Amino acid sequence: MNAVLHRNYESNAPIYIYQFSNRIEIVNPGGLFGEVTAANFPDVSDYRNIALAEAMKTLGYVNRFNFGIRRAKEELQKNGNGEPVFDISLVTKFKVTIPINKKW
C-alpha cells in the first residue's frame, strides 16, 4: 500500500515485489520526497499525489497520515517477521527488505 501511495507516477517503471526464501523486497519508483530527508525518515512524511492520499484515507486504506511505516512494523512483529530494512540511498527508487518469519 505504501509503495502505491508514495511512488512517483511520472515514472513508467513498475513497482517490483521480489520473493526470496528468507525475505521479500519491494522496490518502487520515487525516492524520498518533499519534506522527507535521510535525517528525518521515517518520522516525517510528504505526498507526491495528495489526491491519491486523500482517496486512500477516505476508502479506509490509510488510518491517518504519517503512520504507515509504524503500522507495517507492528504487523510484521505480530507475524514474527524481523525488522524491515529501508534503503533510502537510491535516488530515484525506494526499497524495503522484509525478513520472512524463519518458522515459515
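None of the figures in this text is laboratory data; all of them are computed from the coordinates on show. Computed from a predicted structure; not experimentally measured.
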### Query
By what distance, in whole Å, do the Cα atoms of the chain stretch along each of the three principal axes, largest value first?
40, 28, 27
### Summary
Rounded to the nearest 10, the angle in degrees between the Cα long axis of helix 68-78 and the longest principal axis of the Cα atoms of the chain comes to 10
### Query
Under the definition of Cα pairs under 8 Å and six or more residues apart, what whole-number percent is the relative contact order of the chain?
31
